[in-house]
Every structure is written in structure tokens, then in C-alpha cells.
């Protein structure tokens, strides 16, 4: 219901809508994050592409839904941190995200820029690119759901182990 209602203006083929609904299963956070990712107000022309991208990911019956959610988060990160960036720039983006997640409390863009010694506009640009999983309220940055923080922590632990 939720996906059908939120994505009704996109003229999505029923077969694709069914795939999106099936991939969401019983996880509302997956459906909500999917809608935020597909309906990005900064890139409305990419909605159809994003629907195709999400429906082509597929979900196999033996995968659990947190794996599907992790794959969605990985896709969002991949799109938010472009491949064309230098390793140093990618490290900056990841550092901003890591700081938001591990700070233990919501921070402002200004505080993050001071902590990391980088320009505030880079922090703001990063937050803007991550709006399907992060949001700003009263100048403080929050995650929409704790599962994103869990994913980021697991990702950094895996990177540290490699």
C-alpha cells in the first residue's frame, strides 16, 4: 500500500511495482528508504532509472531482509559518493558519514567541519547527497533509521579488517 501510494505519480509498470513491494517485505524502513531514494527531489528525472535499478537487484528467497536493506544502503552510498572522486575525496565523504554515525549524538555541519578540518560546504554537500538516509532538523543531522548506522559500522569494521 505504502509504496503504491507514494510512487503512484511515477507511472511504474505493475510488474516493477510488485518487485518493489516484494523486496520491501515486512520492513517499512526498506519501503520508506526506497521511496526517499527513488523520489529524490534534486534528481526527479532519475526516478525511472532508479526504479529499474532497484527492481533489477532482485531478492532471492534465501536472503534475509536485512541483507536487502544493506544492499539498498550500499546502492545509496555508491550513488552519493561518485566513483570519479579521488581516493582522498572519497575518504572525506566517508569520514563525514562515519563522524555522523559514531558521534553518539546529532551534530551540525559546522561542528563536523571543525572536527574533521574541512570546509563546511563539503559537509553540507555530503548530507544533501545522502538525504534518503540522513536528514537535518534544527541544524542537527540525524539518520532516518538505526539500521543505517548499523550498516555503516559493519562496513567500516569490514574495511578495517581488510
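Identify all residues within region 149-161 that are within 14 Å of residue 29 (Cβ to Cβ) and in contact with a helix residue (DSSP H, G or I) (Cβ under 6 Å, 6 or more places away or on another chain); write none if there are none. Even if it seems obvious, please write down each step before you answer.
Within region 149-161, the first condition is being within 14 Å of residue 29 (Cβ to Cβ), and the residues that meet it are 149-151.
Matches in region 149-161: 149, 151.
Applying the selection to region 138-162, what residues are outside any helix (DSSP H, G or I) and either on the phi > 0 side of the Ramachandran plot or in contact (Cβ under 8 Å) with a residue 60 or more places away in the chain (or both)? Steps first, answer last, please.
Residues of region 138-162 that are outside any helix (DSSP H, G or I), as a first pass: 138-145, 162.
Scanning region 138-162 gives 138, 139, 144, 145.
With a cut-off of at least 3 residues that are out of contact with any helix residue (DSSP H, G or I) (no Cβ under 8 Å at 6 or more places or on another chain) and surrounded by fewer than 15 Cβ atoms within 10 Å (Cβ to Cβ), name the helices (runs of 4 or more DSSP H) lying wholly within region 71-137.
On the way: elements: 87-102, 109-116, 120-129.
In region 71-137, the matching helices (runs of 4 or more DSSP H) lie at 87-102.
I'm checking my understanding of the structure. Among residues of region 47-65 that are in a helix (DSSP H, G or I) and surrounded by fewer than 15 Cβ atoms within 10 Å (Cβ to Cβ), which one is modelled with the lowest pLDDT? Can you show your working first?
First, pick out the residues of region 47-65 that are in a helix (DSSP H, G or I): 47-57, 65.
Then keep just the ones that are surrounded by fewer than 15 Cβ atoms within 10 Å (Cβ to Cβ); that gives 48-49, 52-53, 56-57.
On the way: 48: 89, 49: 87, 52: 88, 53: 83, 56: 82, 57: 68.
Looking at the filtered set, the residue picked out is 57.
The values are calculated or read from the model by the stated rules, or taken from the named source; none is laboratory data. This structure is a prediction, so every number in the text was calculated from the model and none was measured. Ideal geometry is used to build each Cβ from the backbone, glycine not excepted, and the neighbour counts take in all protein chains shown.
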